[in-house]
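Structure first, then comments.
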Amino acid sequence: MTEEYDCIIVGAGIGGLLTGAALSRGLGLKTLILEKTGVLGGRSGVIEKEGFLVDNGLHVIRYCKKSPTVTIFKKLLGKKEKVELINLGDAKFFSGGEWYDYPLSAATIETTTFFNEEEREQFKRILGEEIIGAKVDELFDKSVKDWIDEMEKKYEIKPGPARIFLEALSKLILVSYGNLDKLSMGELIAGIQLGLKAVKTSCYPAGGWRPLIENLAKKIESNGEIRKNTKVDKVIVEDKKVVGAQIGDKTIKSKIVVVDIPAQEIFNVLDEELFSKDFVEKCKSLIPTAGISIDYGLKEKISELNGMILSSDPFTMSNFTSNIDPTIAPEGKQLYTIFQPTPVDVVSDKEKSDEVVENIEKLLEEMFPGFSEKVQWRRAVKRRMVDGAVPFITQHRNKRPSVKSDEIEGLYFTGDTYNGPGTGGEIAHASAELCIKTIMKDLNLAIIK
Ligand SMILES: Cc1cc2nc3c(=O)[nH]c(=O)nc-3n(C[C@H](O)[C@H](O)[C@H](O)COP(=O)(O)OP(=O)(O)OC[C@H]3O[C@@H](n4cnc5c(N)ncnc54)[C@H](O)[C@@H]3O)c2cc1C
């Protein structure tokens, strides 16, 4: 007998899990998640190494209480549901061999020694006059470089800390190695505005990502099923309507299929011929963020820092994750992860990417003298796709593929290459929220729990 579900989700990345949990537990749809690998979470997955719980690189939830993750738990999973988040401490900035408070909050803008008094006043004016009340929609197609150049002229900013700070802020919020001439100023300002509203800009799920992923899996299984090691070969479409999924020679019926695969790869499971040329081109041409991430299991505690750590040259982001949540490392030890956004051609070239790793390790010795002697283990990962789509002016939130196909009935998308604000996980989570709400509207459903 052919199996039948209300809804099939292809892929158990964080987008698929959040969508699946809300459809299954929140809306009461009989839901099936099919995941080709043996682990849940996709790029947000976790491994265990010598007693440490290690995320896939640096993995924070941006904008804390204002993040879509919190909304999904609070509003779409049921009244009593919430996700427990731990706030990161104050951010630090390593620039020119010195440590500074990184001005991510109004309080640190007042006190950081990174700016002199003139620069502090200039920066506060820019924040007040150009950022807080800015109309984001008008800035999506403007590049960060053009905007910074304009500000430099308008506020007569001298080369130096203010520019270094603005550039580092752009790279941090938009997760980029540079490319300021391509990054969308609207996405950057939207991020700063949300950060100011959220007060706390970065959080970490209590216990790490594993409990969050397991929690979502449990919710899906309350009214559905997850099958690991099950690769979907094809989403079956008849007369422009979704009718199910094919796995080998087996067919599973469903009138709704949500695809949680990065848009660049969806034609592995969807017949390209079914879509307009524009849509195919839009999906295939999306440029992901690439980067190099190194995790270190440290034999002993070497730092008390518990916030985001940034460096200007090379630009890196890092944190001592176990200072944020001590439960993820064995007692007395420390987990540290550093990430450098890197052009994809460098990531793909062994010699060049080894050089990046070497430079990161030199930087670590400068930032934390004696670091290398404390290393118990290290894992360097070179990723061609970190975030699914860099927030460039050509692929900002309004230009990426929509969460609902307007060509095939019953076909939806979730994940970090579709509509949704921000970067990476934020888009994955926001697109899940959008996808869930779109399905609710299309099926005229309300939250039942
Ligand atoms: C090193 C690193 C650091 C990061 N740091 C952060 C951070 O600090 N903050 C943040 O917000 N984001 C971060 N991100 C980005 C974040 O991890 C991703 O945005 C998010 O996990 C993407 O989720 P997704 O559901 O869109 O896709 P994915 O995680 O790619 O999930 C897709 C899933 O589909 C499965 N699949 C593919 N094809 C098939 C098929 N045919 N059949 C069945 N299953 C299939 C895959 O195996 C995978 O599990 C980071 C990413 C990396 C790699």
message = Rounded, prolate or oblate, given the Cα gyration tensor of region 6-87, with a/c below 1.5 counting as rounded?
response = oblate
request  = Please get the size of the charge dipole for region 176-284, origin at its Cα centre, with Cβ charges of +1 on Lys and Arg and -1 on Asp and Glu, quoted in debye to the nearest 20.
outcome  = 480
message = Accessible area of the chain with a 1.4 Å probe: how many percent of it is carbon plus sulfur?
response = 49
ask   = Where is the GNM fluctuation largest for the chain (alpha-carbon springs, 10 angstrom cutoff): Ile220, Ile302, Ile427?
value = Ile302
ask   = If you count the DSSP beta bridges with both ends in the chain, what percent of them are antiparallel, to the nearest 5?
value = 70
request  = Using only alpha carbon pairs under 8 Å that are at least six residues apart, calculate the relative contact order of region 290-383 and give it in whole percent.
outcome  = 44
Glu238-Thr394 pseudo-label distance in nm [points 7 Å out on the Cα-to-Cβ vector] = 4.0
ask   = For the chain, what is the mean residue ellipticity at 222 nm derived from helices alone (per DSSP H run of n ≥ 4: -39500 (n - 2.57); sum divided by total residues; nearest 500 deg cm²/dmol)?
value = -9000 deg cm²/dmol
ask   = Once both labels are modelled 7 Å past Cα along the beta-carbon direction, what's the Lys299-Ile164 spacing in nm?
value = 3.4
key: Efficiency of FRET from Cβ geometry, Asp146 and Asp345, R₀ 22 Å, rounded to 0.05   = 0.30
message = Percent of Cα-Cα pairs more than 24 Å apart in region 103-198, please.
response = 13
ask   = Cysteines without a disulfide-compatible partner in the chain, using Cβ under 4.7 Å as the rule?
value = Cys7, Cys283, Cys435
request  = Using R₀ = 30 Å, calculate the FRET efficiency as 1/(1 + (r/R₀)^6) where r is the Cβ-Cβ separation of Thr327 and Gln193; round to 0.05.
outcome  = 0.35
request  = Within region 289-310, which residues have the backbone N less than 19 Å from the label spot 7 Å out from Ala106 along Cα→beta-carbon, could you tell me?
outcome  = none
query = How large is Rg/Rh for the chain, to two decimals, with Cα atoms and a Kirkwood Rh?
reply = 0.97
Residues of type lysines that Lys145 reaches as a straight line, Cα spacing below 21 Å, ignoring anything fewer than 8 places off in the same chain = Lys124, Lys135, Lys153, Lys154, Lys158, Lys171, Lys182, Lys399
request  = Would you please classify the overall shape of region 1-137 from the alpha carbon gyration tensor, given that a ≥ b ≥ c denote the square roots of the eigenvalues, rounded means a/c under 1.5, and beyond that prolate means a/b larger than b/c while oblate covers the rest?
outcome  = prolate
inquiry  = If packing is taken as the average number of other Cβ atoms within 10 Å across a peptide's residues, how do 414-422, 82-90, 17-25, 290-298 rank, most packed first?
reply    = 17-25, 414-422, 290-298, 82-90
query = Sorted by mean Cβ packing within 10 Å, highest first, what order do the peptides 428-435, 257-264 take?
reply = 428-435, 257-264
message = What distance in nm lies between label points placed 7 Å from Cα along the C-beta direction at Glu407 and Glu355?
response = 4.2
task = Starting from the Cα gyration tensor of region 324-449, take the square roots of the eigenvalues, sort them a ≥ b ≥ c, and report rounded, prolate or oblate (rounded when a/c is under 1.5, otherwise prolate if a/b is larger than b/c, else oblate).
result = oblate
request  = Can you tell me how much longer the chain between Glu3 and Lys255 gets when fully stretched, taken as 0.36 nm per residue apart minus their C-alpha distance, in nm with one decimal?
outcome  = 89.5 nm
ask   = Relative contact order for region 103-198 using alpha-carbon pairs under 8 Å, separation at least 6, rounded to a whole percent?
value = 37
inquiry  = I need the Debye-formula profile for region 290-383: one equal scatterer per C-alpha, no solvent, reported as log10 I(q)/I(0) at q = 0.25 1/Å, two decimals.
reply    = -1.35
query = Which net charge results when you count Lys and Arg as +1 and Asp and Glu as -1 among the other residues whose beta-carbon is under 12 Å from that of Ser254?
reply = +1
note = Note to self: with every protein chain in place and a 1.4 Å probe, the chain gives an accessible area per residue in Å² of 44
query = Counting alpha carbon pairs within less than 8 Å and at least 6 residues apart, what relative contact order, in whole percent, applies to the chain?
reply = 24
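The values are calculated or read from the model by the stated rules, or taken from the named source; none is laboratory data. Keep in mind the model is a prediction, meaning the values are calculated, not measured. A quick note on method: Cβ atoms are made from the backbone with ideal geometry, for glycine too, and the neighbour counts reach across all protein chains shown. Keep in mind that these areas ignore ligands, DNA and RNA; they rest on the heavy atoms of the full protein, side chains included. Shrake-Rupley method; radii C 1.70, N 1.55, O 1.52, S 1.80 Å.
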